[in-house]
Structure formats: C-alpha cells, structure tokens
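So the structure is just underneath, and the comments pick up after that.
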Amino acid sequence: MKSADNPSADDPQSDPYNPFPEPVTIPITDVFDLHSFQPSEVKLVVEEYLNEARRLGFRQVRIIHGKGIGVQREMVHAILGRTPFVLGWTDAPPEAGGWGATIVSLE
C-alpha cells in the first residue's frame with residue numbers, strides 16, 4: 001500500500017527482497033545453454049529462444065541441454081517436433097557436446 005512514508009510499496013521493482021528488480025536481457029547467439037535454467041522454465045525459454053533465433057535470421061542453432069538421464073533432451077526434442085519452422089535436428093558432434101546438445105536447423 002502506498003503512503004507518504006512509502007510511496008513505492010506497490011512497485012515490484014522497488015521490492016528490497018526481489019534479487020532481480022530489472023528484467024535480465026540474454027543475448028541471442030547460435031548457442032543456447034539450458035544449464036542456468038530451472039527444469040520448469042525449459043519449455044518457455046526454448047520456445048522463446050527459437051522464436052528469437054528465427055527472427056534474427058539464424059539458420060542453425062545449438063541447444064545445450066546436458067547429458068544427465070535425458071529428460072531435458074527429450075523435452076527439447078518434443079518442443080522441436082511441434083515447432084513449425086524447425087526443419088530438423090540431430091545430436092551435436094562429440095566436440096560440440098555429443099548427445100548433451102542438439103543441433104537444430106531452422107527455416
């Protein structure tokens with residue numbers, strides 16, 4: 001609640017408990033590493049990344065999902081399978097992550 005003593009109490013960007021008061025901008029390149037995202041964020045960030053990569057004119061990108069037990073890899077592949085402008089994908093070569101990364105071809 002705003003008051004004369006605290007005029008910005010309703011402003012989320014002035015919240016002293018918010019560690020990220022400003023939006024974080026991530027540069028879009030041809031490589032996208034998912035290691036810094038929570039599993040619950042993967043679907044949304046991969047979809048947004050693909051849209052931006054396409055908008056910027058990338059014809060091929062590499063998504064690093066890690067090896068683990070393959071859950072994120074399967075999730076990424078499912079997203080690629082339902083994205084209309086994805087022409088195809090394959091595991092990265094060994095020197096670029098092997099099955100811990102996916103090379104994606106975009107229209």
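The values are calculated or read from the model by the stated rules, or taken from the named source; none is laboratory data. Model, not experiment: these values are computed from the prediction. Methodologically, a virtual Cβ is constructed for each residue, glycine included, from the backbone with ideal geometry; neighbour enumeration extends over all protein chains shown.
Would you confirm, using the coordinates I've provided, whether Thr102 is at pLDDT 95 or above, exposed (fewer than 15 other Cβ atoms within 10 Å of the Cβ) and outside any loop (DSSP other than H, G, I, E, B)?
The answer is no for Thr102.
If you go through region 54-92 one residue at a time, how many are outside any helix (DSSP H, G or I) and closer than 22 Å to Pro27 by Cα?
15
Considering region 58-95 alone, what residues qualify as being buried (at least 16 other Cβ atoms within 10 Å of the Cβ), over 16 Å from the mean Cα position of the chain (by Cα) and either within 14 Å of Asp33 (Cα to Cα) or touching a residue at least 40 places away in the same chain (Cβ under 8 Å) (or both)?
The one that is buried (at least 16 other Cβ atoms within 10 Å of the Cβ), over 16 Å from the mean Cα position of the chain (by Cα) and either within 14 Å of Asp33 (Cα to Cα) or touching a residue at least 40 places away in the same chain (Cβ under 8 Å) (or both): Ala92.
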